[in-house]
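Undergrad: Take this structure, written in structure tokens, and hold onto it; I'll ask about it next.
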Amino acid sequence: MSFEHAAPRAVSSSAAWIAGFLRQMLAVAESDVRKLRHDPAELLTRIVQPMLWLLVFGEVFTHSRAIPTPGMSYLDFMAPGVLAQSVLFAAIFYGISVIWDRDLGVLHKFLVSPAPRPALVLGRALASGARGLAQAAMVVGLAWVLGVNVRFDPVPIAGIVAMVMLGSAVFATFSLIVACVVKTRERFMGIGQVLTMPLFFASNAIYPVDMMPSWLQAIARGNPLTYQVDALRALMIEGAHSTYGLGMDFGVQFLALGVLVAIGSRLYPNIVN
């Protein structure tokens, strides 16, 4: 076979594989998002905690001025952190749905299908991102009602959408890995509760990294949530800027997601054992 004929066939085969991969990934995501449509009350219950943080913690510290936030009010500083927190808390417990699907026999059907394991993992991550967007819309709307200087320009809004989906995908995939290791709902809930607070407090969500002791600063700079908050603050708040640069913020999220998807793809079949 000549090179002229082989090259188009190789390109066509690659395009068909990519199209199939995307179809399988979207099918997994769609099946998860469908659950959300049948239970919209889940989103309403998840807005309670961000509301309390903004209304109580944010208002108190805004008036006390206990935490210095030059160039903006504390409520402006805190709102992107609360948005990231709400995405984190929803995503970090996403693995429980994987355990439920295993117990219901749904997961077995996915695993015996010819779909590549990364497509199954990324489908779950994409579904978590869709859930994160719905919750983000409510948090941003609440922040605006409370007087936060939210930006509503198209480009920043697109950046917020991208970062929320990426951040949710990162922590949902991490959650899936935990579910594959512990395999039971009781153990998973315990570990999820242990992980959420250290991730949240070892970040720049509610205070600047410069205020932390040096050892905690080192942890914060290795925490993907820090870069998620940094990007959301620059994109969401009028006059704010990114400490690390938006390129670094998004790069860290993509790198973390790539590593976690690779690990999750190897561990995913183990959950049924």
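Undergrad: Take each complete run of DSSP H in the chain, measure how far its Cα atoms stretch along the helix's own axis, and keep only those covering 15 Å or more with mean Kyte-Doolittle hydropathy at least -0.5; list them.
TA: Once both thresholds are applied, what remains is 3-38, 74-92, 117-145, 154-182, 185-201, 224-236, 246-267.
Undergrad: Something else: Please go through the range 109-214 and write out the chymotrypsin sites (Phe, Trp or Tyr not before Pro) that DSSP classes as loop and that have at most 11 other C-beta atoms within 10 Å. Display every interim value, and only then the final one.
TA: On the way: sites: F110, W144, F152, F171, F174, F188, F200, F201; in loops: F152.
Passing sites in the range 109-214 are F152.
Undergrad: Given contacts defined as C-alpha pairs under 8 Å and at least six residues apart, what's the relative contact order of the chain, whole-number percent?
TA: 26 percent
Undergrad: Quickly work out the T184-to-A158 label distance, labels modelled 7 Å from Cα along the C-beta direction, and quote it in nm with one decimal.
TA: Going from the A158 label point to the T184 one covers 4.9 nm.
Undergrad: When the chain is treated as a GNM, springs tying every alpha-carbon pair under 10 Å, which of P224, P114, P50 comes out with the largest mean-square fluctuation?
TA: Sorting by GNM fluctuation, first place goes to P114.
Undergrad: Follow-up question, since we're still on this one. Can you pull a Stokes-Einstein diffusion coefficient for the range 217-273 at 25 °C (0.890 mPa s), Rh from Kirkwood over Cα pairs, as a whole number of µm²/s?
TA: Numbers: Rh = 12.9 Å.
For these conditions, the coefficient is 191 µm²/s.
Undergrad: How big is the Cα convex hull of the chain in projection, averaged over all directions, in nm²?
TA: 17.4 nm²
Undergrad: Sticking with this one: Using a 10 Å cut-off on Cβ atoms, rank the peptides 245-258, 88-101 from the highest mean neighbour count down.
TA: So the order, starting with the most tightly packed, is 88-101, 245-258.
Undergrad: Quick one: among S242, S86, S168, which has the greatest mean-square fluctuation in a GNM of the chain with alpha-carbon springs under 10 angstrom?
TA: Evaluated over the chain, the most mobile residue of the options is S242.
Undergrad: Pick from G192, G239, G129 the residue whose mean-square fluctuation is largest in a GNM of the chain, springs joining Cα atoms under 10 Å.
TA: Comparing G192, G239, G129 in the GNM, the peak value goes to G239.
Undergrad: With the dipole of the chain worked out from charges on the C-beta (+1 for Lys and Arg, -1 for Asp and Glu) around the Cα centre, which of I271, L235, A90 lies farthest toward the positive end?
TA: Looking along the dipole axis, the top candidate is I271.
Undergrad: Let me ask you something else. Could you work out the helix-only [θ] at 222 nm for the chain, with each DSSP H run of four or more residues adding -39,500 (n - 2.57) and the total divided by the number of residues, to the nearest 500 deg cm²/dmol?
TA: Values: 13 runs with 206 residues, N = 273.
Calculated mean residue ellipticity at 222 nm is -25000 deg cm²/dmol.
Undergrad: Checking a compactness column here: for the range 142-273, what do you get for Rg(Cα) / (2.2 N^0.38 Å), N being the number of residues?
TA: 1.17
Every number in this text was worked out from the coordinates using simple rules, so none of it is lab data. These numbers were taken from a predicted model, which means no experiment stands behind them. FYI the Cβ positions are ideal-geometry reconstructions off the backbone, even for glycines, and counts take in every protein chain you see.
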